[in-house]
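The values are calculated or read from the model by the stated rules, or taken from the named source; none is laboratory data. No experiment lies behind these values; they were computed from the predicted model shown. Heads up, the Cβs are rebuilt from the backbone with ideal geometry, glycines too, and the neighbour counts pull from every protein chain shown.
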Amino acid sequence: MNQRRRRIYEGKAKILYEGPEPGTVIVHFKDDATAFNAEKKAVIEGKGVLNNRISEFIFERLNDLGLPTHFMKRLNMREQLVREVEIIPLEVIVRNIAAGSMAKRLGIEEGTALPRSIIEFCYKNDELGDPLIAEEHITAFGWASPQEIDDIMAMTIRINDFMSGMFAAIGIKLVDFKIEFGRQYEGDLVRTVLADEISPDSCRLWDVKTNEKLDKDRFRRDLGGLVEAYQEVARRLGILNENDPAKPAKPTLVKS
Ligand code: TMP
């Protein structure tokens, strides 16, 4: 994957390149970590590789469930092939347990179980710091159509149900997460598909027994041990062997 190729876009944690076929895109996962709208930055070696693997694992399972996603296949340690979509400018947040900005905004103690899962929308706009919005804003400003909002809500509920169960089975509480959707154009048809990534960068994941944080809050809150936490998530998902630390290891001589 070292041939010259056109860079389409560079974000905070990923780079998009033109894919090998029309309508495809290559997503490259960087090691860059940012928080608080990139006020805080670091390079955390191994993060991109882990997010690529974890996101692949989750998107493949969602594809298997018949949930439409942009994901096609992983190409290498840091890259995956996806279908080209037009990103709907919304950050869709699902919360099962109060934490982060919601705990602060509403004065709820972090860790309090919510009476039911809550879906929030933010307007995806870095200059504005991704402000929280209501459905009214989305339709009034035409960021998504009522049909798209219905599709997004239905898919989001299914994704939360699936992921909550998947993580519960490996002793992890899915506290909250953020997802994004895109429009996939097929001739005259447009369909709403899950896009972007699902990884410990975009979820809050707490160990069931100890409440230890296994997500990007380790970086946001200066707790350290981010790569170890992401490795633990990957290990419990069964996508990491003890001798495959998903870190760019030095080449070693293998005797045959
Ligand atoms: P919040 O509590 O800070 O609003 O975050 C809610 C969830 O969304 C949490 O799982 C982290 C994720 N998230 C992102 O993926 N990107 C972001 O820019 C922010 C602010 C949160």
Of all residues in region 124-144, how many are within 12 Å of the ligand (Cβ to nearest atom) and either closer than 20 Å to Met155 by Cβ or part of a loop (DSSP other than H, G, I, E, B) (or both)? 5
May I ask you to verify whether Met155 is more than 18 Å from the chain's Cα centre (by Cα), outside any strand (DSSP E or B), modelled with pLDDT of 95 or more and surrounded by 16 or more Cβ atoms within 10 Å (Cβ to Cβ)? no
Return the total of residues in region 105-136 being within 17 Å of Glu180 (Cβ to Cβ) and not charged (D, E, K, R). 10
Residue match in region 129-138 (condition: in contact (Cβ under 8 Å) with a residue 60 or more places away in the chain and either in contact with a Cys (Cβ under 8 Å, 6 or more places away or on another chain) or farther than 25 Å from Ser101 by Cα (or both)): yes
Restricting region 188-219 to residues that are out of contact with any strand residue (DSSP E or B) (no Cβ under 8 Å at 6 or more places or on another chain) and among the charged types (D, E, K, R), the one nearest to the ligand (Cβ to nearest atom) turns out to be Arg218
Would you pick out the residues in region 19-42 that are away from the ligand (no atom under 16 Å from the Cβ) and either assigned to a loop (DSSP other than H, G, I, E, B) or over 18 Å from the mean Cα position of the chain (by Cα) (or both)? Gly19, Pro20, Glu21, Pro22, Gly23, Thr24, Asp31
If you take just the strands (runs of 3 or more DSSP E) that sit entirely in region 65-108, which of them hold at least 2 residues that are in contact (Cβ under 8 Å) with a residue 12 or more places away in the chain and more than 16 Å from the ligand (Cβ to nearest atom)? 71-74, 79-83
